[in-house]
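Student: My structure is below; once you've seen it, I'll send some questions.
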Amino acid sequence: MLDVIWSSQGFTEWRVVDHVDRALLAQLQLDATQSYAALGKVVGLSAAAAHERVRKLRERGVIRRTTVDVDPAAVGQGVLAYVMVESTSWMGDSAQSFAALPEVLEAHVIAGSASVLVKVRTTTTEQLQDVLRRIYAIDGVSGTQAIVVLETFFERPLSPHEVVAEHVDATAGHVLRQGSRSATGPG
């Protein structure tokens, strides 16, 4: 499997990470507080090389942020619900309205009978009811359907080992997947 994709065309968007980057991402997802020396040792790089790789992953937006995984129940946010939001109009411009609700952790425009799917965490079901009222007050919302989570079996981060690496060749409109070559590339 090739880690580098070649094309004679210019790429405007880079979404490829090689096997070393994927190994670094997996290690950082396990423990983002590891030293660069420890990261480098696991993936076969010096501390300086590991640091440079991580810097480039941040620069390219592959690593969006470094955060702490907090147990919601331990901080009094034990009620989890997914809310399907129905609307009378296009909701694609309503991101700021949903973001203004601190209990809304995620918001997604979706296909189907609902227009938006939001993930909500609250302390109580009464607080969830209040959030549903505030969602209903957003312009264009015609209804909500809440699905309350009773138990979470597991949550997993995105596995960097399962991501399909690809370059988008903007000039020729080709998507080059790992291990493939452009029609205009060599042999």
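Laboratory data are not the source of any read-out in this text; all were calculated from the coordinates shown. Because the structure is a prediction, the values reported are computed rather than measured. Note: ideal-geometry Cβ built from the backbone for every residue, glycine included; neighbour counts use all protein chains shown.
Student: Could you give each residue of segment 103-117 its phi-based ³J(HN,Hα) in whole Hz, using Karplus coefficients 6.51, -1.76, 1.60 with θ = phi - 60°, and x for Gly or Pro?
Tutor: For segment 103-117, the Karplus-derived couplings read 6, 7, 8, 9, 9, 9, 6, 10, 9, x, 6, 9, 9, 9, 10 Hz, x marking Gly and Pro.
Student: What are the ³J(HN,Hα) values, in whole Hz, obtained from phi via the Karplus relation 6.51 cos²θ - 1.76 cosθ + 1.60 with θ = phi - 60°, for each residue of segment 73-83 in sequence order, with x given for Gly and Pro?
Tutor: With coefficients 6.51, -1.76 and 1.60, one gets 5, 5, 10, x, 10, x, 8, 10, 9, 10, 10 Hz.
Student: Which far-off residues, 5 or more places away or on another chain, put their amide H under 5 Å from the one on Glu86, with H placed in the peptide plane?
Tutor: Ser115, Ser142, Gly143, Thr144, Gln145
Student: Set the Förster distance to 35 Å, then compute FRET efficiency between Thr33 and Val149 from the Cβ-Cβ distance, nearest 0.05. Show your work: numbers first, answer last.
Tutor: On the way: r = 29 Å, r/R0 = 0.83.
Approximately 0.75, to the nearest 0.05.
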